[in-house]
Amino acid sequence: MTETKDNLPAPVPGTARDLLRVEKIKLRFAEILKDRAPQFVASVASLIYLSPVLNECEPNSVIAAAIVAASLDLPIDRNLGFATIVPYNSKRGKTAQFQMQWKGYIQLAHRTKQYRTLNVNEVFEGEIVNINRFNGAVTFGEKRGETVVGYLAYMLLINGFEKYEYMSVEEIEAHGKHYSKSYSDERSKWKTDFDSMARKTVLKRLLTRWGILTVDMQRAVSSESIVDEPEPETKAMPVSRAKVNSELFGEDEPSGQSPVTDPAHTTVPEPEDETGELPQTAKPGQKTATVANDAGAKWNTFCDSLAKRYPYYAKAGGEPDRFHIGALAVTFGVGTVTLDNLPALTGKIEGYAKEKHSPVSA
């Protein structure tokens with residue numbers, strides 16, 4: 001049996017591992033991760049090889065999930081606890097989905113350089129005496145036994161703002177039952193590693209309610225909403241393989257291919273958190289920014305320029321993907337592009353593009 005450079009048996013043609021050998025896909029990872037791409041791709045191949053269920057998932061969905069992890073610069077080794085790729089059942093069969101783990105949220109928070117302290121830990125019986133429901137202040141006591149009664153997340157920002165978030169074991173279990181489709185599955189992490197899922201649940205609630213929601217943090221939360229959150233009333237529309245190939249790999253879909261759900265490109269209404277408020281800056285149902293008439297010409301010029309310098313924001317034919325760029329504007333909190341907010345907005349988009357993608361030399 002032949003072996004690949006990742007020291008694994010040669011993949012079956014047409015599988016996700018086989019797609020990882022396609023030159024355009026390798027170049028896509030290289031664009032994101034530079035010289036760290038080969039190591040990351042090898043870890044993806046290993047994850048797929050060691051997971052029989054993941055092997056059964058729609059190949060493009062596995063690649064799309066890996067692209068999300070790469071764009072967030074998070075390793076997908078399950079043993080490290082930053083992020084992973086998990087399979088789940090859909091009406092179209094088994095689909096892979098990117099999923100954050102609790103250390104991944106801490107990693108993204110640390111990158112902001114705005115946190116002096118960020119921690120999450122189990123709480124034993126007797127360690128918390130009281131929590132002031134008005135200001136969130138916690139009164140601590142002495143540990144009275146080995147029974148874990150809850151989990152506490154804590155953050156202290158450089159500017160002095162601090163916040164605690166506590167959930168009892170019962171509250172976390174209720175959360176899992178309500179929000180996770182896989183909670184009742186004996187193979188799910190809720191059953192095999194409750195501690196890590198509990199830490200993630202409390203930490204995620206703390207950061208989405210009170211933390212600094214950077215673009216990467218917002219994308220991390222929304223990218224795993226299909227797995228962790230209840231299905232929205234408006235169903236996510238399936239994205240064809242042509243869409244996946246065009247946006248990720250730069251090629252068209254052969255005729256006759258069936259649509260797949262791509263978590264990196266499917267438009268999904270943002271899930272509400274337990275307070276009923278959206279954790280994202282986008283308004284409910286808003287997919288891409290609108291453009292005021294007086295700002296149209298300058299916005300179009302900016303989009304043309306961005307697409308030429310960063311092909312990631314261009315369609316297959318080279319013209320700017322205005323929907324994609326407009327969606328990025330929404331992520332930055334701009335629902336309507338105007339002459340007043342245009343300079344600041346284009347600066348933010350420009351900075352984000354420069355950080356995430358390599359420009360094309362003039």
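Could you work out how much longer the chain between Tyr183 and Ala42 gets when fully extended? Use 0.36 nm per residue separation minus the Cα distance between them, nm to one decimal.
That works out to 47.8 nm of additional length.
Distance between the C-alpha centers of the range 159-216 and the range 326-362? Whole Å please.
31
Return the loop-located trypsin sites (Lys or Arg not before Pro) in the range 68-125 (DSSP other than H, G, I, E, B) with at most 14 other Cβ atoms within 10 Å of their own Cβ; answer none if there are none.
Those satisfying the criteria are Lys91, Arg92, Lys113.
Would you count, across the range 113-211, every pair of lysines whose alpha carbons are under 27 angstrom apart, provided the pair is eight or more residues apart or spans two chains?
22
Is the C-alpha gyration tensor of the range 1-81 telling us rounded, prolate or oblate? Criteria: a/c under 1.5 is rounded; beyond that, a/b larger than b/c is prolate, otherwise oblate.
Since a/c stays below 1.5, the shape of the range 1-81 is classed as rounded.
Taking the dipole about the Cα centre of the range 113-211, with the C-beta of Lys and Arg at +1 and of Asp and Glu at -1, give me whichever of Asn159, Leu203, Thr139 is farthest to the positive side.
Asn159
Convert each backbone phi in the range 17-33 into a coupling constant with the Karplus relation 6.51 cos²θ - 1.76 cosθ + 1.60 (shift: θ = phi - 60°), then list the ³J(HN,Hα) values in order as whole Hz, x for Gly and Pro.
Values per residue, Gly and Pro as x: 5, 5, 4, 5, 8, 5, 4, 5, 6, 4, 5, 5, 5, 5, 4, 7, 10 Hz.
By the gyration tensor of its Cα atoms, with a ≥ b ≥ c the square roots of the eigenvalues, what is the shape of the range 113-211: rounded for a/c under 1.5, prolate for a/b over b/c, or oblate?
It comes out oblate by the Cα gyration axes.
Within the range 129-200, which trypsin sites (Lys or Arg not before Pro) sit in a loop by DSSP and count at most 13 neighbouring Cβ atoms inside 10 Å?
Arg133, Lys143, Arg144, Arg187
Read-outs throughout are calculated quantities, based only on the coordinates presented, and are distinct from any laboratory measurement. In this text the structure is predicted, and so the values were computed from the model without any measurement. Methodologically, a virtual Cβ is constructed for each residue, glycine included, from the backbone with ideal geometry; neighbour enumeration extends over all protein chains shown.
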